[in-house]
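Step one of this worksheet: look at the structure below.
The values are calculated or read from the model by the stated rules, or taken from the named source; none is laboratory data. Since the model is a prediction, treat every value here as computed from it, not as a measurement. Ideal geometry is used to build each Cβ from the backbone, glycine not excepted, and the neighbour counts take in all protein chains shown.
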Amino acid sequence: MYSISIGYVIIALIALIPIGATAGLFAKRKKAWFYTSATLLVTIALLSLFLLAYQASFTLLQIFRFYPFSELMTAVFAFLLIAIDALSYEYSADFISFSLFFGLSITGMLLVVMANSLITLLIGLELMGVPTVFMILAHGRRHIEAAIKLFVLSALAISLLAFAIALVSVYNPTLSISAALEASPLASTGVLLPLAIVLFAAALLTEAAAFPFNLWVPDVYEGAPGHVTAMLAGINKKVAFVALIEVFFSMILYFGYAFQPIFVLLSVATMFFGNLVALVQTNVKRMMAYSSISQAGYILVGISASTAAGLSSSIFYMIAHAVMIIGAFTVIIWLDGKNIRTVNEYSGVWSKNPLAAFSLTVFMLSMIGVPPLIGFIGKFLLFSSAVGANLLYLAFLGIINSVISVYYYARVILSMYAGRRYERKVRMADIVSVVVITMLVVTFAFGIFPGPLMHATSLAGNSVISAWPAPGAP
Amino acid sequence: MLAILVIAPLIVSSILALLLIRHGTIVKYVSLIGSLGSLAFIYAVSQNAVSAQSMHWFSIGSLTVNIATYTYPLNMLLLWLVGIITPLIFSYSIGFMERNSEQGRFFFEMGLFASGMMLFAIAGSLITMFIGWELLGITSYLLIGFWYAKSDAAPAARKAITIVLFGDILMLIAIVMIWNSYHTFSIGQIVSNPSNALYIPLLLIMVAAFTKSAQFPFHEWLPAAMAGPTPVSAFLHSSTMVKAGVFLIASLFTLYMDAHLLPVILIVGLISAAFGASNAAAERHIKKILAYSTIEDLGLMFVALGLGAFAAAVLLFIVQAFYKALLFMDAGALMRTNSENYDIFRIYGARMKKTLLVATLFGVVSIAGIFPLGGFFAKASIGSAAASTNLIAYMVLLAIELVTGFYIFRWYIIPMRSPPQSDTTRMRNSYKLLPKSMIAPSIILSALTAASALAYYYLPIILTQSPYVPGYVFGAYTGAAPTIGIADAAAETAFIAIGAYAAYLLYSRRRAPALYTHRLLSRAVYNAPLVNRAYSAFAAAFAAIGSGIYWFDSVLYSIFRAVALSAIEMGAVLRRMVNGQTSTYLLAFALGVVIIIMLYVK
């Protein structure tokens, strides 16, 4: 089988990233390493897309699992990580040592995506989280508070996750995610399984930033250097969602426990918390932190629906949001570097740099859900999947939240076009504008022609759910 | 060959025009090349007679939206008309738009306008058609208001968009209703399966067509639209925009026949034609006369459709495109030489440019309907159709012919007077300065006007084999060839001759301006102010309703405002949870876990 050998190649390439970064420490060739890592990531992404095209499905070494969901997410994350890599190249004080942590983090992320065992998942999340703390610290003492907060909360989350794994091992002694399906279902009479479920949810939703496990988010997003924030909001969070989907839809659903109500509650609370608090923010970076919390709530809508359509739309929206938020943060950190931080200071950005103003407008409109942008398609799919799963009220609350969010996004947009006029235009660095334009193109392209992405996400969603036992599943 | 490609060169040139907006000199040639490119593609597309193509755009659930095109003889005719006239208009515009700073914007909008019409022409699905239809509406708004600094441009553009959008909304309702009963957007499938469910959508589409084609009572936006640049008028009146409505009815002709709606079309067409002719006879604005005559021509097309004389309508459809473009080009040239004066009594010296004078004569003869130009065949075949089926309509048509002969020669004769002695040299000079790019299209168009008479003989050959042409669906074909009775043609010519002679008598001498002040005559025929007053009354009524709604709205608004303020207040309260203390976060975390456990772990 070619596909299995391609799987080995992908894993080898992933391993090459931290190894190469370590070698880079001695070589001190900044540019060379940037191109090398970008090439590695592109190769990983293309190989995954290749596997996705053939809908390959197999497990490797018992701990890695390749199926359309993991293949799609690997490809998406690899592509997006190139953007983060580019931003770090531009903004990092010490790109070489930064990339070591970054490379380790990448390994962790892709490990989580491909995990077939709860242990792999745990190690992957740990490997993703700890270097992130150092990535923040690498930019000087003033980021120390953000780093500590991230560290404490993710340590707590990881410990809860370990505890949850211990609890669930009673029911699933192999700790394998997909192999659990082959064991016979246990009646969920005991208290251990529900407890494990809650702990799983709490642990994974910490990184995914759902209320009430999200209070660290605004401080960390605001305190961390911009490109790390973009990664936290754009990728780490989505990785946590991927882990959530793997754990709940590949494993726990099989035990026949209706976890749906937990997510409905958390989804509503998260949407409202994020949007309401964002209303009163004046610092744009912090506002976007809250906005990304509320967007996590939208993603949870699809997960609450717990149908193939819901899952597919959640995956779609995860990808959409990752693109939008990375694009938005790219603009925001560029402006941050020009000492433009609050909504009032944003006035007249249009005259300073039209590209920045236009692209931030597009990303924000897309987050509101305005056609023909990718965010509109995502929200449309999410809310229609909620309606399809008889959760009409959830769709309704989601729409109310979209309306609330118009207020604070519109404030920023209006501010950029009105008010003060700058005499001189300021250009973005080439690499930054390339990132912005790429995200802009993606936002428009999949908004106007959503077909291919919708096809891929429904493949991914179905591949997670098709493994279910047909009857009895909720 | 993908039919949709015909719009590609124009779209590309429009985008280039936008990108090169500061380089007017390049833009105009780029756009001309773009329009010629489209013409070449039209030639390529017309190689295969009937073809349906569709590209998947997106689908939501069971709703699949395609960009579908369908080419058949009737719409290939329209496509050819647009394709031929577009480069001519563009060439005219090169001379006409002097200021380079305006070229980029102008050609961007013109290119989109032309491609909107082409898209509309080749549309095979209701959605594609609606995109073209809307593109026409929006770009016509931009083009009519092109000289936005002029005091009459913005109101004229607003008037046009208001009326046209009214039609657009009806159109959208009709599309939704059709989707509801047919679950398809494909026009071909809908046309070949007529049913009662189509009755109301057809009514709505008919009204939409009347708004687009400026028929009574929606016709007044067209004269107002004369505030736009002359190339826009020439384009709008010949092959694009106003023709869209007629074409729509013509392409759905069999459905209207089935639904017994033809008499409505006939009556509206007659009223519009009469209004157009009478206003044209009294108007003094050189372009507005032509605008009213367009209303008349479009009315005649609807009359022909209403009489069931499908081929006669199509004939006039083709012929009118050429002569109307020609006449507008001449009007623009005359206004240019007379320092933008638009009053025909202040325009002098048309004799000073013989080429233009002769070229225009072709248009005048054709629009009047004098043998042997195209207009004669078209109008005579409409007259013959009326004479054999509906005598009252025939009478009205003859009266309209008389007035047509009168006003068009009035339009032609008055500007021929010599200017005052002191002005002669200056005028001669300004006629000499007319750019070649403005003259050349007129000459080409006059040749085409002459050649369009051939359409009378070739139409039966072209209009075959299509579900849209009535004969094909209803077995034995009666309406394929336009027919002309000798007696009808003679009567028609006589009436025109009387009208023309009256114009000659009245206006060939300088007594004319005095004669115009006959208030009785002008009150009776020049009813445009009345129509405009009716529009204002309608607008005032809606404004009154609107202010009532506004009051209600302000009550609602205060409620919503309270809700919104409370949301912000809630945000301010919730914000205190995020106080920067990690211990608080940990507490919230722990509390959250405990609460969820208490709720769900039983």
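Going through A:Ile325, A:Ile332, A:Ile315 one at a time, which residue ends up being under 16 Å from the mean Cα position of the chain (by Cα) and closer than 22 Å to A:Pro225 by Cα?
Values: A:Ile332 fails: under 16 Å from the mean Cα position of the chain (by Cα); A:Ile315 fails: closer than 22 Å to A:Pro225 by Cα.
Of the residues listed, the single one that is under 16 Å from the mean Cα position of the chain (by Cα) and closer than 22 Å to A:Pro225 by Cα is A:Ile325.
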Pick from segment A:271-286 the residues that are away from chain B (no Cβ under 11 Å) and buried (at least 24 other Cβ atoms within 10 Å of the Cβ): which of them is farthest from A:Asp219 (Cα to Cα)?
A:Met271
Within the bounds of segment A:18-26, is there any residue that is of a type in the set (S, T, N, Q), buried (at least 19 other Cβ atoms within 10 Å of the Cβ) and in a helix (DSSP H, G or I)?
no
It is to be established whether one or more residues within segment B:101-124 are over 16 Å from B:Val242 (Cα atoms) and within 14 Å of another protein chain (Cβ to nearest Cβ).
no
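Just wondering, is there one or more residues in segment B:531-541 that are at pLDDT below 75 and loosely packed, with under 13 Cβ neighbours inside 10 Å?
Within segment B:531-541, the first condition is being at pLDDT below 75, and the residues that meet it are none.
No, because not a single residue in segment B:531-541 is at pLDDT below 75 and loosely packed, with under 13 Cβ neighbours inside 10 Å.
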Has segment B:342-352 got any residue that is under 16 Å from the mean Cα position of the chain (by Cα), assigned to a helix (DSSP H, G or I) and of a type in the set (Val, Ile, Thr)?
no
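Could you tell me whether B:Phe96 is closer than 26 Å to B:Leu434 by Cβ, surrounded by 24 or more Cβ atoms within 10 Å (Cβ to Cβ) and over 14 Å from the mean Cα position of the chain (by Cα)?
On the way: closer than 26 Å to B:Leu434 by Cβ: yes; surrounded by 24 or more Cβ atoms within 10 Å (Cβ to Cβ): no; over 14 Å from the mean Cα position of the chain (by Cα): yes.
For B:Phe96, the condition - closer than 26 Å to B:Leu434 by Cβ, surrounded by 24 or more Cβ atoms within 10 Å (Cβ to Cβ) and over 14 Å from the mean Cα position of the chain (by Cα) - is not met.
Name the residue, out of A:Val362, A:Val370, that is over 19 Å from the mean Cα position of the chain (by Cα) and free of Cβ contacts under 8 Å to residues at least 12 places away in the same chain.
Working: A:Val362 fails: free of Cβ contacts under 8 Å to residues at least 12 places away in the same chain.
Result: A:Val370 is the single residue among A:Val362, A:Val370 that is over 19 Å from the mean Cα position of the chain (by Cα) and free of Cβ contacts under 8 Å to residues at least 12 places away in the same chain.
Yes or no, residue by residue, for (1) buried (at least 24 other Cβ atoms within 10 Å of the Cβ); (2) farther than 17 Å from B:Gln320 by Cβ:
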{"residue": "B:Ala197", "(1), (2)": "no, yes"}
{"residue": "B:Leu202", "(1), (2)": "no, yes"}
{"residue": "B:Ile205", "(1), (2)": "yes, yes"}
{"residue": "B:Val242", "(1), (2)": "yes, no"}
{"residue": "B:Gly245", "(1), (2)": "yes, no"}
{"residue": "B:Ala273", "(1), (2)": "yes, no"}
{"residue": "B:Gly276", "(1), (2)": "yes, no"}
{"residue": "B:Lys288", "(1), (2)": "no, yes"}
{"residue": "B:Ile295", "(1), (2)": "yes, no"}
Regarding B:Ile33, is this residue aliphatic (A, V, I, L, M) and within 14 Å of chain A (Cβ to nearest Cβ)?
no
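Among the listed residues B:Ile568, B:Ile559, B:Ile597, identify the single one that is β-branched (Val, Ile, Thr), assigned to a helix (DSSP H, G or I), out of contact with any strand residue (DSSP E or B) (no Cβ under 9 Å at 6 or more places or on another chain) and closer than 17 Å to A:Leu204 by Cα.
Numbers: B:Ile568 fails: closer than 17 Å to A:Leu204 by Cα; B:Ile559 fails: closer than 17 Å to A:Leu204 by Cα.
One residue alone meets the criteria, B:Ile597.
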Residue tally, condition more than 60 Å from the chain's Cα centre (by Cα) and more than 9 Å from chain A (Cβ to nearest Cβ), over segment B:558-578
1
Could you tell me whether any residue of segment A:414-421 is touching a helix residue (DSSP H, G or I) at 6+ places or on another chain (Cβ under 8 Å) and among the hydrophobic types (A, V, I, L, M, F, W, C)?
yes
For segment A:45-57, state whether one or more residues are more than 16 Å from the chain's Cα centre (by Cα), modelled with pLDDT under 95, among the aromatic types (Phe, Trp, Tyr) and part of a helix (DSSP H, G or I).
yes
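Can you list the helices (runs of 4 or more DSSP H) lying wholly within segment B:243-336 that have 2 or more residues being modelled with pLDDT of 85 or more?
Numbers: elements: B:253-258, B:262-282, B:286-306.
So the answer is B:262-282, B:286-306.
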Among (1) within 8 Å of chain A (Cβ to nearest Cβ); (2) at pLDDT 85 or above, the one test that B:Val555 misses:
(1)
Given B:Ile344, B:Ile367, which one is touching a strand residue (DSSP E or B) at 6+ places or on another chain (Cβ under 9 Å) and either buried (at least 24 other Cβ atoms within 10 Å of the Cβ) or more than 18 Å from B:Ser239 (Cβ to Cβ) (or both)?
B:Ile344
Within segment B:138-186, track down each residue that is of a type in the set (Ser, Thr, Tyr), farther than 18 Å from B:Ile127 by Cα and outside any helix (DSSP H, G or I).
B:Tyr148, B:Ser151
Only one of A:Glu246, A:Glu345 that is more than 14 Å from every other protein chain (Cβ to nearest Cβ), charged (D, E, K, R) and surrounded by fewer than 24 Cβ atoms within 10 Å (Cβ to Cβ)
A:Glu345
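Identify, from the list B:Ala378, B:Ala393, B:Ala359, B:Ala399, the residue that is farther than 19 Å from B:Ala487 by Cα, among the aliphatic types (A, V, I, L, M) and assigned to a helix (DSSP H, G or I). Give the derivation first.
Numbers: B:Ala378 fails: farther than 19 Å from B:Ala487 by Cα; B:Ala393 fails: farther than 19 Å from B:Ala487 by Cα; B:Ala399 fails: farther than 19 Å from B:Ala487 by Cα.
Sole residue among the options that is farther than 19 Å from B:Ala487 by Cα, among the aliphatic types (A, V, I, L, M) and assigned to a helix (DSSP H, G or I): B:Ala359.
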